[in-house]
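Before any comments, here is the structure.
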Amino acid sequence: MDPHWRLLPGLLGALAGLSALVIAIVAGLQADNEPLTILVRGVLAMGGFWIGGVLAGWAIQRAVHADSTSGCDEVSGDVAISDDSLQTEESTSETQERREAA
């Protein structure tokens, strides 16, 4: 696995958490709430969105790299096994005839 992908859950969690904190502070200031209320709600939002961001990053990481970690022969990178190689001789000859006719 590429080392950049390993950082995705933490990075996505941090971005989501900080975004939630900023949005909660701005919304609290616009609503003329007390400073303590704004900070408490902002920190709660940051924690919740951090957890959600980490889980989303983990799910994305798993979805992208599920093929590389499975034992399935189709995803092994072997050209002889890939879906493109399942073309029959008939369809190959038909394609060649169409190319020549064009």
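Computed 3J(HN,Hα) for region 11-20, one whole-Hz value per residue from the Karplus formula 6.51 cos²θ - 1.76 cosθ + 1.60 where θ = phi - 60°, is 5, 5, x, 5, 5, 5, x, 5, 5, 5, glycine and proline marked x.
Each residue of region 91-101 was assigned a 3J(HN,Hα) from its phi angle through the Karplus expression (A = 6.51, B = -1.76, C = 1.60, θ = phi - 60°), giving 5, 5, 5, 5, 5, 5, 5, 5, 5, 5, 6 Hz with x at Gly and Pro. Could you work out how far apart the two model spin labels at Thr95 and Ile51 are, taking each label as a point 7 Å from the Cα in the direction of the beta carbon, and quote it in nm? About 5.1 nm, to one decimal. In nm, to one decimal, how far is the modelled label at Leu18 from the one at Val43, with both set 7 Å along Cα→Cβ? Going by the 7 Å Cα→Cβ label model, 1.9 nm.
Hull volume per residue, based on the alpha-carbon atoms of region 1-70 and their convex hull, is 62 Å³.
Bear in mind these aren't lab numbers, they're just calculated from the coordinates by the rules spelled out. Keep in mind the model is a prediction, meaning the values are calculated, not measured. So basically every Cβ, Gly included, is an ideal-geometry build from the backbone, and we count neighbours across all protein chains shown.
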